[in-house]
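The next block holds one structure in the form of structure tokens; read it before the comments.
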Amino acid sequence: MKGFKIFSGNAHREFSNALAHNLECTLSNANITRFSDGEISVQISESVRGKDVFIVQPTCAPTNDNLMELLIMTDAFKRSSANSINAVIPYFGYARQDRKAAPRVPISAKLVANLMQSAGINRIITMDLHAGQIQGFFDVPVDNLYGAIVFRDYIRHKKLKNPIIASPDIGGVARARYFANQLGLDLVIVDKRRERANVSEVMNIIGDVSGKDVILIDDMIDTAGTMCKAAATLKDRGASSVMAVGTHAVLSGEAYKRIEESVLDEVVLSDSIPLREKCDKIKILSVAPLFAEVVRRIYHNESVNSLFI
């Protein structure tokens, strides 16, 4: 794999180093600094002419800064005659506005897709997009990986006595059903009514959770309000334990406090986003080895889908 180079933005260097380590290589050098007014300055410190470049940069908070950093790095590589520019984006920000759900609102996910393509990105490698149809916003290949492959093995290792999968809302049923099928488990659904953005009220449980070890599945945990309220309702309905599993640790606002004070027994997350605080209930599983294997397969033109069969 001498014809490729891996570069990292400033969003999550620990993840970038782990990915490079799994590929038995080191990160290439790029000098990313700021002008005194806060503008981003990028200088590539080594030749990339004719190389397949992989930029590792989740567009997590601060989302605007990390997104602009990715776009400016891409422009630098394009002007440096890189053979291809592949964006490794473990967490794809601005994915929650993927359609016109109300009058006079933007489709931010499409806008970001346009920006990335205009900058010169040739391929996107990401994980658990908030909405799978976002892949269609791009005219370049998009590899949307499944975090389930990592979480599945962890849950099996736990050897829970009476496990069952739960979706925290109606919108996440397809994701939870895929997970349930992978583990050969039954599925229940938490039915809730959302009063306004980031505020939810749990209303009902569709299915029987009495005496069950419930595993709540979602693509991200943001304010943690949904998960914590769902866990409380599940415990009220007789669940023995409740574990929350989310790919992306957005954890904004008072999320850490809510998780710590909730009835959740454990919260399992990936390292697609760096944690801002420590929490005894949070368990982090690394998806860097998975991304590294996908990078290797893409470079060698091998199948990526076979990883998830």
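The values are calculated or read from the model by the stated rules, or taken from the named source; none is laboratory data. Because the structure is a prediction, the values reported are computed rather than measured. Using ideal geometry, Cβ is built from the backbone for each residue, glycine included, and neighbour counts are taken over all protein chains shown. Ligands, DNA and RNA are stripped out before the accessible areas are found, and what is left, the full protein with its side chains, is counted by its heavy atoms. Shrake-Rupley method; radii C 1.70, N 1.55, O 1.52, S 1.80 Å.
If we scan segment 38-49, do we find a residue that is open to solvent by less than 20 Å² (accessible area, probe 1.4 Å), in contact (Cβ under 8 Å) with a residue 12 or more places away in the chain and under 17 Å from the mean Cα position of the chain (by Cα)? No, segment 38-49 contains no residue that is open to solvent by less than 20 Å² (accessible area, probe 1.4 Å), in contact (Cβ under 8 Å) with a residue 12 or more places away in the chain and under 17 Å from the mean Cα position of the chain (by Cα). Residue count for segment 276-292, restricted to those that are without any contact (Cβ under 8 Å) to a residue 60 or more places away in the chain, open to solvent by less than 30 Å² (accessible area, probe 1.4 Å), in contact with a helix residue (DSSP H, G or I) (Cβ under 6 Å, 6 or more places away or on another chain) and under 21 Å from Pro90 (Cα atoms): 0. What is the residue count in segment 251-265 for residues that are crowded, with 24+ Cβ neighbours inside 10 Å and within 18 Å of His12 (Cα to Cα)? Total meeting the criteria: 1. Residues of segment 259-309 that are under 12 Å from Leu145 (Cβ atoms) and assigned to a strand (DSSP E or B): Ser270 alone.
Whether a residue is in contact with a Pro (Cβ under 7 Å, 6 or more places away or on another chain) and either buried (at least 18 other Cβ atoms within 10 Å of the Cβ) or at pLDDT 95 or above (or both) was assessed, and Ile273 passes this test. Residues in segment 245-301 that are of a type in the set (Ser, Thr, Tyr) and under 18 Å from Lys229 (Cβ atoms): Ser252, Tyr256, Ser262. Counting only residues that are buried (at least 17 other Cβ atoms within 10 Å of the Cβ) and among the polar types (S, T, N, Q), segment 103-145 holds 2 of them.
Checked against (1) touching a Pro at 6+ places or on another chain (Cβ under 9 Å); (2) more than 28 Å from Ile170 (Cβ to Cβ); (3) hydroxyl-bearing (Ser, Thr, Tyr), Ser80 passes all but condition (1). On inspection, Pro168 fails the criterion of being in contact with a Leu (Cβ under 9 Å, 6 or more places away or on another chain) and either under 20 Å from Asn66 (Cβ atoms) or modelled with pLDDT of 95 or more (or both).
From the list Asp143, Asp213, Asp218, the lone residue that is modelled with pLDDT under 95 and of a type outside the set (Lys, Arg) is Asp218. From the list Ala20, Ala61, the one residue that fits, being among the aliphatic types (A, V, I, L, M), open to solvent by 10 Å² or more (accessible area, probe 1.4 Å) and at negative phi, is Ala61. When each of Val245, Val295, Val268 is tested for being farther than 21 Å from Phe179 by Cβ, in contact with a Phe, Trp or Tyr (Cβ under 7 Å, 6 or more places away or on another chain) and open to solvent by less than 20 Å² (accessible area, probe 1.4 Å), the lone residue that passes is Val295. Restricted to segment 221-233, and to residues there that are open to solvent by 20 Å² or more (accessible area, probe 1.4 Å) and touching a residue at least 40 places away in the same chain (Cβ under 8 Å), the residue that is farthest from Asp128 (Cα to Cα) is Thr233. Is it the case that segment 174-196 has a residue that's surrounded by fewer than 18 Cβ atoms within 10 Å (Cβ to Cβ) and either within 16 Å of the chain's Cα centre (by Cα) or closer than 24 Å to Ala11 by Cα (or both)? No, that holds for no residue.
Tally up the residues in segment 298-309 that are of a type in the set (Ser, Thr, Tyr) and surrounded by fewer than 16 Cβ atoms within 10 Å (Cβ to Cβ), please. Qualifying residue count, segment 298-309: 2.
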